[in-house]
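Presented below is the structure to which this report refers.
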Amino acid sequence: ARHFLDRAQAHAGLGAFLAVDPEVTLAQARAADERIAAGDTAPLLGVPVAHKDIFVTRDFPSTAGSRMLAGYRSPFDATVVRKLAEAGAVSLGKLNCDEFAMGSSNENSAFGPVKNPWDPSRIPGGSSGGSAAAVAARLAPAATATDTGGSIRQPAAFCGVTGIKPTYGRASRHGMIAFASSLDQAGPMARSAQDCALLLSAMCGPDPDRDSTSLDRPAEDFGRALGRSIEGLRIGVPREFFGEGLAADVREAIDGALGEYQKLGARLVEISLPRTELSIPVYYVIAPAEASSNLSRFDGVKFGHRARDYTDLLDMYKKTRAEGFGDEVKRRIMIGTYVLSHGYYDAYYLQAQKIRRMVADDFRQAFSQCDVIAGPVAPTVAWKLGEKSGDPLANYLADIFTLPASLAGLPGMSLPCGFGAGGLPVGLQLIADYFAEGALLNAAHAFQ
Ligand code: GLN
């Protein structure tokens, strides 16, 4: 723990951490040592893990990257954080992220951007940019993250680390500051599929009293699925993931990875996910709609920031929210409120929900022909800081390959598969059927 705390301090310029507290971390490490001495065999005893600042924690402030929650202390730990602590993990602190997990570049954090350790003039990806940068720069051996529309997979790809988003409902959302509740899902980032399996096993499991969408499936040991042969594995390659928007350098790295899989005995099958492009407008209706509702709780009364000067209650709400939220969050609250409003609900929200179902049906069709789906995580490698800030649409379009699995609630992961222009990492995305995290991790492990 001391080693990683020192590294985090030495590389504070990356902007990966929002909160560290060596006293708290070292006290947890000592407690882990005592558990080891007492013969405890919990799977993560003494393993340092850093948490995305979207998970609430008792021992560190929890901000969700927002001025609205600057300095906020939660009276409880998120279920995922608690489960990792029970498994023996030691918390290294809290990691930077886009405000309320809204973004693809980590430039929407109220506390400054995160830099990509491979090239500090570039973004680490988002919204879990702090998690990806911390693992890539070895400031933490592993980190927690969340994925609503790609925020585990895309930053993992841009920073050359491995990350997995499980099936929606596998990990409890209790204590995860809500962005879009029907999409939000927690998962780990680490240096390998093996490490991810270890963490994910500890993070998942039913939580019926605190998250009504948590699935009634027992926790699994995903590590046990690793090491099986992938001879005969049918890998679906979606035609729509290799269109003109895909940069040549990324395509080359992905093609190389698919070739490796063939050498390992896998068989490539061409498949189609015809609603891939529609996933962008569908997601950017549904996610803001849910966000506008979730973020109504930040009114200056119950949590965090409250405007200093105001005349009456309404004025207090207005000033608090005007001061507390950043531009992207305000944009989404406005879009969400609009698409849910009377007269527009049918045209936008309801329509988006119908297409969301069709996206899921496309996957069902695809999984009748293949065991896992492979393709790029993002159309390009990490872009320059500032290159797309101020251009929300350019950011949204870059999510095209991660959104379909999110809308369908399927497990997906990103694993490093080579380098593109400028020696920047490229991530291979693997998507599996519901509850097939074991097979997904095994396919990644075979490649690694
Ligand atoms: N980039 C997407 C967005 O801005 C996804 C973010 C996420 O998965 N949290 O909404």
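Before moving on, here are some points about what is shown:
- Odd one out for residue 389, checked against (1) at pLDDT below 95; (2) hydroxyl-bearing (Ser, Thr, Tyr); (3) surrounded by 23 or more Cβ atoms within 10 Å (Cβ to Cβ): (3)
- Which listed residue, of 434, 396, 344, is of a type in the set (Phe, Trp, Tyr) and under 30 Å from residue 116 (Cβ atoms): 396
- Considering only residues in segment 216-245 that are within 22 Å of the chain's Cα centre (by Cα) and modelled with pLDDT of 95 or more, the one that is surrounded by the most Cβ atoms within 10 Å (Cβ to Cβ) turns out to be 222.
- Number of the exception - residue 209 against (1) away from the ligand (no atom under 14 Å from the Cβ); (2) touching a residue at least 12 places away in the same chain (Cβ under 8 Å): (2)
- Residue that is farthest from the ligand (Cβ to nearest atom) [pool: residues in segment 150-172 that are part of a loop (DSSP other than H, G, I, E, B) and crowded, with 24+ Cβ neighbours inside 10 Å]: 160
- Failed criterion for residue 372 (all others in (1) farther than 30 Å from residue 234 by Cβ; (2) surrounded by 14 or more Cβ atoms within 10 Å (Cβ to Cβ) hold): (1)
- Test: residue in segment 303-326 that is within 16 Å of the ligand (Cβ to nearest atom) and not acidic (Asp, Glu): yes
- Top-ranked residue in segment 120-148 [being among the hydrophobic types (A, V, I, L, M, F, W, C), within 16 Å of the ligand (Cβ to nearest atom) and closer than 23 Å to residue 83 by Cα; ranked as surrounded by the most Cβ atoms within 10 Å (Cβ to Cβ)]: 132
- Summed over segment 107-119, residues that are within 13 Å of the ligand (Cβ to nearest atom) and in contact with a Phe, Trp or Tyr (Cβ under 7 Å, 6 or more places away or on another chain) total 0.
- Each residue in segment 99-138 was checked for being closer than 12 Å to residue 14 by Cβ, out of contact with any strand residue (DSSP E or B) (no Cβ under 7 Å at 6 or more places or on another chain) and not small (Gly, Ala, Ser), and 8 pass.
- Within segment 403-426, not a single residue is within 19 Å of residue 98 (Cβ to Cβ), modelled with pLDDT of 95 or more, among the aliphatic types (A, V, I, L, M) and surrounded by fewer than 19 Cβ atoms within 10 Å (Cβ to Cβ).
- Where helices (runs of 4 or more DSSP H) fall entirely within segment 343-448, those with at least 1 residues that are away from the ligand (no atom under 16 Å from the Cβ) are at 351-366, 437-447.
- Any hit, segment 189-203, residues being within 15 Å of the ligand (Cβ to nearest atom) and either in a loop (DSSP other than H, G, I, E, B) or within 18 Å of residue 444 (Cβ to Cβ) (or both): yes
The values are calculated or read from the model by the stated rules, or taken from the named source; none is laboratory data. This one's a predicted model, so the numbers in the text were calculated from it and none came from an experiment. Methodologically, a virtual Cβ is constructed for each residue, glycine included, from the backbone with ideal geometry; neighbour enumeration extends over all protein chains shown.
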